[in-house]
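Student: Right, I'll just put the structure down here and ask away after.
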Amino acid sequence: MLNEEICKLRDELNKKIEDCDDYDSIYNISLELDKLIAEYYFVLK
């Protein structure tokens with residue numbers, strides 16, 4: 001489940017980068033993605 005959320009958010013981030021979306025939008029998604037990745041690794045540990 002968490003892995004699916006990470007993949008979905010990563011795809012969304014990549015799309016925004018490709019579309020040259022605004023910096024704040026890209027940054028906020030990147031922060032959210034970082035949190036999910038950290039949570040994923042914490043669960044694995």
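Student: Could you grab the pairs with beta carbons closer than 8 Å, sequence gap of 6+ or different chains, first residue in region 1-21 and under 9 Å from Leu33 (Cβ atoms), second one surrounded by 11 or more Cβ atoms within 10 Å (Cβ to Cβ) and acidic (Asp, Glu)?
Tutor: Leu9/Glu32
Student: Then there is this: If you check Leu9, Leu13, Leu31, which single one turns out to be loosely packed, with under 12 Cβ neighbours inside 10 Å, under 9 Å from the mean Cα position of the chain (by Cα), among the aliphatic types (A, V, I, L, M) and modelled with pLDDT of 95 or more?
Tutor: On the way: Leu9 fails: loosely packed, with under 12 Cβ neighbours inside 10 Å; Leu13 fails: loosely packed, with under 12 Cβ neighbours inside 10 Å.
Checking each option against the conditions leaves just Leu31.
The values are calculated or read from the model by the stated rules, or taken from the named source; none is laboratory data. A quick note: this is a predicted structure, and the numbers were derived from the prediction, not measured. Heads up, the Cβs are rebuilt from the backbone with ideal geometry, glycines too, and the neighbour counts pull from every protein chain shown.
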